[in-house]
Amino acid sequence: MRDDEPRHGLGGEAAHHAAYLDFYRRQLIDGVLELSPDERRRTRLPSGWTPIELLSHVLHMEQRWFVWGFLGEPVEEPWGDWTVDEPWDVPAGTDARWQVPDEVTAEQLADRLRELGRRTTELLGVHGLDEIAADGGRFKGDPADLRWICFHVLQEYARHAGHLDISVELAGG
């Protein structure tokens, strides 16, 4: 176990979700920020994504699931990490990939992700895990409960942390 991995006895299930989301969020932020600015925007993988694009993706992903999805609040550019709106519904042959404008820095994304993380932690402190997400926004007709959303976001963070580990290792980190 890593020294900074959450320990047992944090309280209820929501507290554990919040702690593990914070843990993986920090891993991704630290992994990207330890790279040089050039390495942050360099791909080393056949799929073509860059570390800064991954950081933008997890920021938008968490926002899509908790703010737009669970709370049902409108968010500016929910698919802002992608070159297309709603990347799962694009015609074959469309180039749908992650993107980050040149003027956006990893530090700016990290600050936004930390702030979003604080909001997610607050949300988990006041909503029950059995509570059903708002109908509308991300969900239209089949909203999930907060527990399912937590598991989905946590597995996505864990998977992407592993992806970033490989990219950082290939970059010499």
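Would you please give the residues with an amide H less than 5 Å from that of Val100, counting only those at least 5 places away or on a separate chain, with H modeled from the backbone geometry? For Val100, no residues qualify. The magnitude of the dipole of the range 28-126, with charges of +1 and -1 set on the Cβ of Lys/Arg and Asp/Glu and taken from the Cα centre, is near 280 debye.
In the chain, a dipole from Cβ-located charges (positive for Lys and Arg, negative for Asp and Glu) runs towards its positive end, and of Trp82, Thr120, Ala14 it is Ala14 whose Cα lies farthest in that direction.
Dipole magnitude for the range 114-165: computed about the Cα centre from +1 point charges on Lys and Arg Cβ and -1 point charges on Asp and Glu Cβ, it is near 180 debye.
Can you give the charge dipole size of the chain about its Cα centre, rounded to the nearest 20 debye, using +1 on the beta carbon of Lys and Arg and -1 on the beta carbon of Asp and Glu?
Taking the Cα centre of the chain as origin, the dipole is about 300 debye.
Loop-located trypsin sites (Lys or Arg not before Pro) in the range 1-74 (DSSP state not H, G, I, E or B) with no more than 13 neighbouring Cβ atoms inside 10 Å: Arg2, Arg7.
Taken as Cα centroids, the range 99-173 and the range 21-94 sit 9 Å apart, rounded to the nearest whole angstrom.
Per-residue packing, averaged as other Cβ atoms within 10 Å, sorts the ranges 50-58, 83-91, 104-112 into the order 50-58, 104-112, 83-91, beginning with the highest.
What Kirkwood hydrodynamic radius do you get for the chain when you take the inverse of the mean 1/r over all pairs of distinct Cα atoms, in Å? Before the final figure, lay out each step's value.
Numbers: mean 1/r = 0.0592 Å⁻¹.
Kirkwood radius, the chain: 16.9 Å.
Among Phe70, Ala96, Ile166, flag the residue with its Cα farthest along the positive direction of the charge dipole of the chain, charges on Cβ as +1 for Lys/Arg and -1 for Asp/Glu. With unit charges placed on the Cβ atoms, the residue in question is Ile166. Here the Karplus curve 6.51 cos²θ - 1.76 cosθ + 1.60, taken at θ = phi - 60°, turns the phi angles of the range 112-118 into couplings of 5, 5, 4, 5, 4, x, 4 Hz, with x standing for Gly and Pro. Of Leu28, Leu45, Leu113, the residue with the greatest mean-square motion in the GNM of the chain, using alpha carbon springs below 10 Å, is Leu45.
None of the figures in this text is laboratory data; all of them are computed from the coordinates on show. Note that the structure is predicted; figures quoted are calculated from it, not measured. In this analysis, Cβ positions are derived from the backbone assuming ideal geometry, glycine residues included, and neighbour counts consider all displayed protein chains.
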